[in-house]
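Working notes for the structure below.
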């Protein structure tokens, strides 16, 4: 089996579905609404094109992206996918290899979806403020968007190995952590919304200033690294499990 061709086939199955098209439309509309209604005024007095304001934008868009990710991962264990799996696994490919193909396709679909959202935000900043120093947003993207996505993929696929419907059962839990500011510890603050809510207090405690600079405390960075490592570990565990 040609690995690249197989990933491309899996990716097309995701991208050409009505579910994906509706999800993409909703994310793009929500992102533009967030930029024009909330981020345009800046975050905590910072400029709307500052890294702090962009981090707030990513925090608000992370949750819908994670929900879409969980839906894709949950579909891997559906009855329809089981039938496809039996056909695919009749070829010389291991269960771990099959999961790797599905994960690669899901990752590619996520990168494309998030990339379109980010590109739309760049267009917004360019048109509204004449701001084009988009390299400044690489740090917020790497810190606020990628770690929770990696963790959610690992968590969802590991949960699906335990029970096909468990990934869907986790969606309300992730949703609550993303919309409710419950004072969660950093390692449970997947979307970063609790962190952003407490940001002025964090600056005052750590830097002793009320100036809204972009600052990431060490414990927050460690929590992001922890999410990545946990996601990779869960994905590795899922790959060692035999499909039902």
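Values in this text are rule-based calculations from the coordinates and carry no lab data. What you are looking at is a predicted structure, and each value in this text was computed from that prediction instead of being measured. Reconstructed Cβ throughout: ideal geometry from the backbone, glycine too, with neighbour counts over all protein chains shown.
FRET efficiency for residue 171 and residue 21, Cβ-Cβ distance as r, R0 = 22 Å, nearest 0.05? Calculated transfer efficiency: 0.65. In degrees from 0 to 90, rounded to the nearest 10, what is the angle of the helix 3-15 Cα long axis to the longest principal axis of the chain? The angle comes out near 60 degrees. Put a dot 7 Å past the Cα of residue 80, heading toward its Cβ, do the same for residue 13, and the two dots end up 0.9 nm apart. Compared with the dominant principal axis of the Cα atoms in the chain, helix 218-240 is inclined by about 10°. Rounded, prolate or oblate: pick one for the stretch 103-244, where a ≥ b ≥ c are the square roots of the eigenvalues of its C-alpha gyration tensor, a/c under 1.5 means rounded, and failing that, prolate if a/b is larger than b/c, else oblate. Since a/c reaches 1.5 but b/c is at least a/b, the shape of the stretch 103-244 is classed as oblate. With helices as the sole contributors, the chain gives -23500 deg cm²/dmol at 222 nm; each DSSP H run of n ≥ 4 counts as -39500 (n - 2.57), and the sum is divided by every residue.
In this rough spin-label picture, where each label sits 7 Å from Cα along the Cβ direction, the residue 214-residue 33 distance is 2.7 nm.
Which of rounded, prolate, oblate describes the stretch 3-240, given a ≥ b ≥ c as roots of the alpha-carbon gyration tensor eigenvalues and a/c under 1.5 marking rounded, otherwise prolate only if a/b is larger than b/c? Can you show the working numbers first?
On the way: a/c = 2.35, a/b = 1.67, b/c = 1.41.
Cα axes put the stretch 3-240 in the prolate bin.
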